[in-house]
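Reading through the structure tokens given below for one structure.
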Amino acid sequence: LRRNPGEHEFHQAVEEVLGSLGPVVKRHPHYLAERVIERLCEPERQIIFRVPWTDDAGQVQINRGFRVEYSSVLGPYKGGLRFHPSVLLGTVKFLGFEQIFKNALTGLPIGGGKGGSDFDPKGRSDAEIMRFCQSFMTELYRHLGEYTDVPAGDIGVGTREIGYLFGQYKRITNRYEGGVLTGKGLAWGGSQARTEATGYGTVYFAQEMARHAGVGFEGNDVVVSGSGNVAIYAIEKVHELGGKVLACSDSSGYVVDEQGIDLDLLKDVKEHRRERIAAYAEARPSARFVEGGRVWDVPCHVALPCATQNELDEDAARVLAANGTEIVAEGANMPCTPGAVRVFAEAGVLFGPGKAVNAGGVATSALEMQQNASRDSWTFEHTEERLAEIMRRIHERVVTTAEDYDRPGDYVFGANAAGFTQVADAMLAMGVI
Ligand code: NDP
């Protein structure tokens, strides 16, 4: 706390992981003796830089850019870039810290990192977005490389932004180094199924949770928060698997659609027109828009928070439990507050933490790196099969780790213990680093 004042989200993420590791360090006391935990609280490198750019009115704007290269013991730093006005150093550190263990759980050779800027893309023209991305990369490029640090997208950063960033990287370095950024377009080195991967993977994980608990997934009513990349493709996969998504949201409120969310319309509103969620309800007679409302008030069997951190608090968790929700799986990073997670545990609601549930995105980014390295390009079906298999393996690993410590059904413990143990063992093998 003293060394990182005011970094609330970082403190919360660290506490969540460390608070659950008691049984692990009891079994492996050398982790304490070798001060592995203290080492992991300090990122390997933190980069902060000025991003000056010119808006359409000719006015100079200044933003702050970040890249936290957190841990490289399992592979090059890997994790997304977030463009949102709420981004502070503590936000990026929390995301980077989570990313280390998430990436370990994928079983793929990737370390943990995260980055972004307090730039707000809302309402900005394409030309402004491009100028911002070019300025951002003009500083960041010197820290990147396919064997060093490989960013991807996150909130506010999709294929359009990755395109502008990659274009500038290529221009400055004079290298077509496809593996330096993931989330690229299909025509220029991207992977099939990367756009869909985090949302699809989230639903695959929730389906495994249901299967393991002996309940079906088909026919379930599902509520999803957000309507961005993760939310849209989670909705798509729920519908493919026979569930019905009744509601989704953005930061202005939520829509309920008793007929089930019409995905084509949602994609048109969000991906093409880039409008607010109210536009969905305006175009669909079976839907209504609730301004400023809380999407968790809509009764459901399965809840998938896919928007942002701390969006589902203790109160909302009580409402979900009272409405009979059986499964909550985090498509976003840390969307449930510690109080909400406690409520789920007390009420017997199965809870899957983000670092396991949403790992399909970064796993498919690692598959994109594999394809770039071998100058290959796989089919959608093959890539999705790999993704589904990875999600099954993550689920299996989390469940068996929890059982090994006599904590059956405790996904939070299983994910933290399995991820931490792998990272800690790798650190110890490499000496005092
Ligand atoms: P997008 O920018 O595509 O979508 C974010 C969605 O969340 C939007 O609907 C947005 O609404 C909403 N949102 C953002 N901030 C807030 C807020 N403060 N309050 C309410 N709603 C908010 O981002 P992604 O879908 O890519 O990311 C969503 C989450 O998933 C994040 O936690 C991210 O870290 C995590 N994640 C993403 C991965 C990926 O591959 N994209 C991989 C793993 C995790 P609005 O437009 O109104 O702001």
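The values are calculated or read from the model by the stated rules, or taken from the named source; none is laboratory data. This structure is a prediction, so every number in the text was calculated from the model and none was measured. Because the Cβ atoms are built from the backbone with ideal geometry, glycine has one as well, and the counts that use them run over all protein chains shown.
See the values below:
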| read-out | value |
| --- | --- |
| Number of the condition not met by Gly75 [criteria: (1) in contact with a strand residue (DSSP E or B) (Cβ under 8 Å, 6 or more places away or on another chain); (2) of a type outside the set (A, V, I, L, M); (3) more than 16 Å from the ligand (Cβ to nearest atom)] | (1) |
| Any chance Val24 is β-branched (Val, Ile, Thr), in contact with a Ser or Thr (Cβ under 8 Å, 6 or more places away or on another chain), within 22 Å of Phe413 (Cα to Cα) and not assigned by TED's automatic domain parsing to the domain that holds Ala340 | yes |
| The range 144-158: number of residues that are under 20 Å from Thr308 (Cα atoms), assigned to a loop (DSSP other than H, G, I, E, B) and either away from the ligand (no atom under 11 Å from the Cβ) or among the aliphatic types (A, V, I, L, M) (or both) | 1 |
| Helices (runs of 4 or more DSSP H) enclosed by the range 1-99 - at least 3 residues per element that are buried (at least 20 other Cβ atoms within 10 Å of the Cβ) | 8-18 |
| Leu304 within 17 Å of Thr198 (Cα to Cα) and crowded, with 16+ Cβ neighbours inside 10 Å | yes |
| Residue match in the range 265-276 (condition: farther than 18 Å from His84 by Cβ, touching an Asp or Glu at 6+ places or on another chain (Cβ under 8 Å), more than 10 Å from the ligand (Cβ to nearest atom) and not assigned by TED's automatic domain parsing to the domain that holds Gly158) | yes |
| Single match in Ser374, Ser365 (criterion: more than 18 Å from Ala415 (Cα to Cα) and within 12 Å of the ligand (Cβ to nearest atom)) | Ser365 |
| Number of the condition not met by Gln371 [criteria: (1) surrounded by fewer than 14 Cβ atoms within 10 Å (Cβ to Cβ); (2) over 20 Å from the mean Cα position of the chain (by Cα)] | (1) |
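Each row is one residue, and each column tells you yes or no for (1) within 9 Å of the ligand (Cβ to nearest atom); (2) outside any loop (DSSP other than H, G, I, E, B); (3) not assigned by TED's automatic domain parsing to the domain that holds Glu326.
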| position | (1), (2), (3) |
| --- | --- |
| Arg160 | no, yes, yes |
| Gln168 | no, yes, yes |
| Thr182 | no, no, yes |
| Gly190 | no, no, yes |
| Gly199 | yes, yes, no |
| Tyr204 | no, yes, no |
| Met209 | no, yes, no |
| Phe217 | no, no, no |
| Val230 | yes, yes, no |
